[in-house]
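Taken together, the values in this text are just the output of simple stated rules run on the coordinates, not laboratory data. Since this is a predicted model, take the numbers as computed values, not measurements. Note: ideal-geometry Cβ built from the backbone for every residue, glycine included; neighbour counts use all protein chains shown.
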Amino acid sequence: MGPLVLHMIERWSIFSPAVLVCAVACCQVGPSIQWQRALGGSGDERANAIVPTSDGGYAVAGFTTWSDGDVHGSNGNHDFWIVKLSDSDSILWQTAIGGSVVDYAMDLVEIDTGFVVVGGVESNDSDVVGSHGLRDAWVVMLNDSGTVRWKKCYGGSGLDWATSIEVTAEGGYIVAGSTTSNDGDVSGNHGNHDVWVLKLSDTASVAWGRSLGGGAYDAATDITQTTDGGYIMVGNTRSNDGDVIGNHGASDAWIVKLNGLGEIVWANAMGGSADDSFTSVRQTADGGYIAAGSTSSNDGDVSENHGGDDIWIVKLDAAGGILWQKSVGGSGGDHATAVERTAVGGYIVAGNTNSHDGDAGMNFLGGFSAWLIQTDEDGDISWQRSLGGSANDQAFDIEETNDGGFIMATGSFSEDGDVTGNHGGEDMWIVKFNNDVGIDEGDPSAFTVSPNPTNGTVSVLCSKPMPASRIELIDMLGRTVMSQQFEGRATTLDLSQLSRGLYSIRILLRPGVMSKLVLLE
């Protein structure tokens, strides 16, 4: 290959389909932060769910453990904490509700007159009345000013909690969670923990309830109504009896299709011989489903594992059959907490990572970082972005906004990097992203590679000192064959043990990437 041809490939490698990582996944830059806000007090707070509201703002649900800073009226220990934000991150109102023990909100929906929030309560005092046992599912309706209109405990004498709620087309609500009870509001328990699905009227009465599972641990994490009037539910299962058939080993991801009365239409256990779970599901335009969670497997339904836990994204047909599945991550721990279909097509996935290689090669942060991944319709990464600071930061929910951007809800222990204004301990951290995803091919003069072609080592020299970043070598199949930290102006790479051919050297920066090709002769 002559010098002129090599120079042309270097300059335009961003558009070459052969250099998959540089051309598609890594050189499309994720959206920039429009604003970010840490919410809380000197204790711990976490945002488990967020919804864009009809007035252009946002409502957030989670928990708080203290009553200072942004938090007022906490009852002690853990309380439900609901915060209403304007479109520019100002707090319009906040409500802390609960009792003296551990109470935590997991999800919320907006309704015409306010909001309905669900979670779990261990209290039976102060704001919590009518608890049935050790822990109850708690449903609370607030008006549009944050004042409680009604609240009700659901459950039995065991451990019961709610993780997901949605308004249904016919009125009322569908709620999913878990239960160990077999009395009170709960019947038909299969043993141990069961998935628990409740259909509530708009006045909070129980229309029907279903316990689903087997003799081991089964839990629901998300539920949504389907276009046929039924429901799709996801979670995880350790059972291989009762309603659960075909468990692959350890914990499987579990997806269940229910009809409008809560009866099982079909149920599929998915995964491999290690731990697998689903945390989020949405119906897709073709009548199928997109589900996301995590996997530690590398067999069965799982075709690849990068090490530790990977994010697992699965596209299913209307009958629950797998159309495609993708493992995304690195050698550390990677987990998905939410998935949504985007207006431009494809899927946005939120979660967390403490990997610094593989698909998370641009993560230069400490501890766990919040992680956003945009995929195309086939599950291939369009862009990815890690964000947070030097402590642990984990995303729990993501929603697309009317302007084409995103709003993300997290729990953050950081007070540096992307995070400002931490009040102490863990804060709710809310991030609004712009709608400015684009291509960054880097500055072709920003660094040089020599000699090129080479028969062994190459020197990489940058035109100016680089901040802490990562330098990687990618082969023509898109595989990372070398990866190391890089800081300063110069480094040397030893390619002598690699096969001859064309490679891409890339320097990963937040949020962009610079790349050049090098020929190993």
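Annotations
- Comparing I474, I232, G98 along the charge dipole axis of the chain, the residue lying farthest to the positive side is I474, per the Cβ-charge model.
- Here the scattering of the chain is modelled by Debye summation over its C-alpha atoms, one equal scatterer each and no solvent; at q = 0.07 Å⁻¹ the log10 of I(q)/I(0) is -0.41.
- Less than 5 angstrom separates the built amide H of D243 from those of G213, G214, all sequence-distant by 5 or more or on a different chain.
- Amide N proximity, segment 297-331 versus W266 label position 7 Å along Cα-to-Cβ, cut-off under 12 Å: 316-323
- Shown for the chain: lysine pairs separated by 8 or more places, or found on different chains, whose C-alpha atoms are under 16 Å apart, numbering 6.
- Centre separation in Å (Cα based) which lies between segment 355-418 and segment 286-329: 19
- Helix 3-12 and the long axis of the chain differ in direction by around 20°, with both axes built from C-alpha atoms.
- As a calculated quantity, the FRET efficiency between Q485 and S32 at R0 = 30 Å, using C-beta atoms, amounts to about 0.75.
- Length-normalised contact order for segment 234-319 - Cα pairs under 8 Å, 6+ apart - percent: 24
- Computed extension length for N124-T420: 102.9 nm, one decimal, from 0.36 nm per residue of separation with the Cα-Cα distance subtracted.
- For segment 82-160, alpha-carbon Rg and Dmax in angstrom: 13.1, 44
- Segment 211-265 and segment 108-169 have Cα centres lying 23 Å from one another.
- Each Lys or Arg adds one and each Asp or Glu takes one away; over the other residues whose Cβ falls under 12 Å from the Cβ of G249, this sums to -4.
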